[in-house]
Amino acid sequence: MLHYIACGLSNIWLTNGYRYEGIGALTKAYIIDVPGLHRLIGNQLINRRGCLVSAEMRFLRQEMNLSRQSLGNKLGVEVAFINQWEQHNTRLPRVADVSLRALYAGTLLGTRQTELSVHILSDAECESAAQRMIFSWSTRGWQVD
């Protein structure tokens, strides 16, 4: 399995869908369909229970190609709050967490999944521990293991 940390998340593992290439001691892993994998990771993040952790928030923001300032504008907060949430592992307020998930769903997932699961809006408690996620590649694209 490949521990896929290049996406900025420490809890992503790939069972396949990559190959190693290189010469001598310099070897690099090449991943098949990175945009598809990132969409699947984002989909898993916005649909799981518990609050997003800082790295997950940064991943979603970067996938939407938003600057911290732009995300702050969309969430109605100062950029200093975005910086604090992303850099200092501070938990997002619940309304910012839900808004970020909805923004991601509407921006990148489009009509395929704009309706968020009820549990996202109704969870009262937020656990900030990132859960290990494992993905595999098949002829149908990236899938959750």
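Bear in mind that the values in this text are calculations on the coordinates, not laboratory data. Please read these numbers as outputs of a predicted model, since none were measured by experiment. Heads up, the Cβs are rebuilt from the backbone with ideal geometry, glycines too, and the neighbour counts pull from every protein chain shown.
Within region 48-79, restricting attention to residues that are within 16 Å of the chain's Cα centre (by Cα) and among the hydroxyl-bearing types (S, T, Y), the residue that is nearest to M133 (Cα to Cα) is S54.
Contact annotation: residue pairs with Cβ atoms under 8 Å, 6 or more positions apart or on different chains, pairing a residue in region 1-29 that is free of Cβ contacts under 8 Å to residues at least 12 places away in the same chain with a partner that is of a type in the set (D, E), are T27/E21; K28/E21.
Would it be correct to say that R94 is surrounded by 13 or more Cβ atoms within 10 Å (Cβ to Cβ), in contact (Cβ under 8 Å) with a residue 12 or more places away in the chain and within 16 Å of the chain's Cα centre (by Cα)? For R94, the condition - surrounded by 13 or more Cβ atoms within 10 Å (Cβ to Cβ), in contact (Cβ under 8 Å) with a residue 12 or more places away in the chain and within 16 Å of the chain's Cα centre (by Cα) - is not met.
Residue count for region 61-90 satisfying the condition of being within 15 Å of Y104 (Cβ to Cβ), of a type in the set (A, V, I, L, M) and in contact with a Gly (Cβ under 6 Å, 6 or more places away or on another chain): 1.
Are there any pairs, at least 6 apart or on different chains, whose C-beta atoms fall under 9 Å, with the first in region 46-61 and touching a residue at least 24 places away in the same chain (Cβ under 8 Å) and the second of a type in the set (V, I, T) and in a loop (DSSP other than H, G, I, E, B), and if so, which? Note: pairs meeting the criteria are S54/T90.
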